[in-house]
Amino acid sequence: MTDPLADMDAFGAMGGDAASTMMGERVLNQDEIDSLLGFDLGGDDGSNRSGIRAIINSALVSYERLPMLEIVFDRLVRLMTTSLRNFTSDNVEVSLDNISSIRFGDYLNSIPLPAILAVFRAEELDNYGLLTVDSNLIYSIVDVLLGGRRGTAALRIEGRPYTTIERVLVQRMVEVVLNDARQAFEPLTPVHFNLDRLETNPRFAAIARPANAAILIKLRIDMEDRGGRIELLLPYATLEPIRKMLLQQFMGEKFGRDNIWEGHLATELWTTETEVRAVLDEQQAPLSKVLDFKVGDTLMLNATPDSEVSIRAGSIPLTTGRMGRKGQHIAIRVEAPISVEAAQSMRSRA
């Protein structure tokens, strides 16, 4: 038999690294720690996040779950290219950099200053959005609209507030962009974006709670050797009323009609049978009297040949008529058209 004490002495005499290996211990390097935490300095696009960082950002809803947004903003890029060319009388190219999800507080802290922030209201959605114009685009627009020469860099004076002329010119450009955004959403749903105010301090442009999620759209505007960036921020609370529409894969329902389906539906509707009742009179009686009804009992109705008869489909009153006789049968002559309320009620139930 072996001596346990001798084995322990032999294990202690081994090197520290060998002993750690035998005990199953291993020290993580920096790359492995970054991978575990989910911080990858090489990737700034925010895609394929893993580790603890993925858990932290799990509350954000990915814009990829709203496929219609890419179609809307691609349409916005085409509209802005045309409208800004007419606005500046210059060769303008608009490109979509990326669409991402971000927390509203993180976005306010990441805005490079100086900048102009335009707070606008989506009337039909009953909420607000944010449009940020960076300083490069502000000076470029001012230079272009005031007749600056091409090939010369826009003059930038740091450390001063924007003048009234600069704010007015930027406001006109923002109104052009918001009008294009209205046209971009038009095939999906009518929504009007109205400019509420212009701010230069991000703290005064708070339109949502810092932890709320939002969609960030980054647009690049190039005017030959000048240009800048526009960032459009839409909180998820603003898009919530049209979320079902944004989940669609295409806009086919808005752009065309299925004549075959409409003809089939019309044919089926014409052949549909519905039960129509003519109510001569209605009476209220205690339950004890109703329970005492016997075969052969006679109920006296408060109806005369001149009484108005209610014609109903189920519990929905359709129209009214007069009671008469045709041959051996009691008949009802319809004397009023079907009411609009009855038609809407039956349509909603169908």
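The values are calculated or read from the model by the stated rules, or taken from the named source; none is laboratory data. Keep in mind that this is a model prediction, so the values were computed, not measured. Cβ placement follows ideal geometry from the backbone for every residue including glycine, while neighbour counts extend to all protein chains displayed.
Does residue 136 qualify as being assigned to a helix (DSSP H, G or I), at pLDDT 85 or above and crowded, with 16+ Cβ neighbours inside 10 Å? Yes.
It is to be established whether one or more residues within the range 229-243 are in a loop (DSSP other than H, G, I, E, B) and either of a type outside the set (D, E, K, R) or in contact (Cβ under 8 Å) with a residue 24 or more places away in the chain (or both). No: the range 229-243 contains no residue that is in a loop (DSSP other than H, G, I, E, B) and either of a type outside the set (D, E, K, R) or in contact (Cβ under 8 Å) with a residue 24 or more places away in the chain (or both).
Among the residues here, residue 272 qualifies as within 24 Å of residue 335 (Cα to Cα), exposed (fewer than 10 other Cβ atoms within 10 Å of the Cβ) and of a type in the set (Val, Ile, Thr). Return a yes/no flag: does the range 88-97 have any residue that is modelled with pLDDT under 90, assigned to a helix (DSSP H, G or I) and assigned by TED's automatic domain parsing to the domain that holds residue 240. Yes; the residues of the range 88-97 include at least one that is modelled with pLDDT under 90, assigned to a helix (DSSP H, G or I) and assigned by TED's automatic domain parsing to the domain that holds residue 240.
Is it true that residue 310 is within 30 Å of residue 341 (Cα to Cα) and touching a strand residue (DSSP E or B) at 6+ places or on another chain (Cβ under 6 Å)? Yes; evaluated as a whole, the condition is true for this residue. Only one of the numbered conditions (1) touching a helix residue (DSSP H, G or I) at 6+ places or on another chain (Cβ under 7 Å); (2) closer than 16 Å to residue 218 by Cα; (3) modelled with pLDDT under 90; (4) not small (Gly, Ala, Ser) is violated by residue 114, and that is (2).
Remark: pairs (first residue in the range 140-167, over 19 Å from residue 229 (Cα atoms) and modelled with pLDDT under 80; second residue assigned to a helix (DSSP H, G or I) and of a type in the set (Gly, Ala, Ser); Cβ separation under 9 Å; 6+ apart in sequence or on different chains) = 148/140. Might you let me know whether the range 213-231 holds any residue that is at pLDDT 85 or above, out of contact with any Leu (no Cβ under 7 Å at 6 or more places or on another chain), buried (at least 19 other Cβ atoms within 10 Å of the Cβ) and under 21 Å from residue 72 (Cβ atoms)? No, the range 213-231 has no match at all. Does residue 333 qualify as being of a type in the set (Lys, Arg), within 39 Å of the chain's Cα centre (by Cα) and either surrounded by 10 or more Cβ atoms within 10 Å (Cβ to Cβ) or at pLDDT 85 or above (or both)? Against the criterion (of a type in the set (Lys, Arg), within 39 Å of the chain's Cα centre (by Cα) and either surrounded by 10 or more Cβ atoms within 10 Å (Cβ to Cβ) or at pLDDT 85 or above (or both)), residue 333 does not qualify. Residue 75 meets all of the listed conditions (1) closer than 20 Å to residue 233 by Cβ; (2) over 21 Å from the mean Cα position of the chain (by Cα) but one, namely (2). Is one or more of the residues making up the range 308-316 closer than 22 Å to residue 273 by Cα and assigned to a loop (DSSP other than H, G, I, E, B)? Yes. The set of residues in the range 208-221 being aliphatic (A, V, I, L, M) and in contact with an Asp or Glu (Cβ under 9 Å, 6 or more places away or on another chain) consists of 216, 217, 219, 221. In the condition set (1) out of contact with any helix residue (DSSP H, G or I) (no Cβ under 6 Å at 6 or more places or on another chain); (2) at pLDDT 90 or above; (3) part of a helix (DSSP H, G or I), residue 183 is compliant with all but (1).
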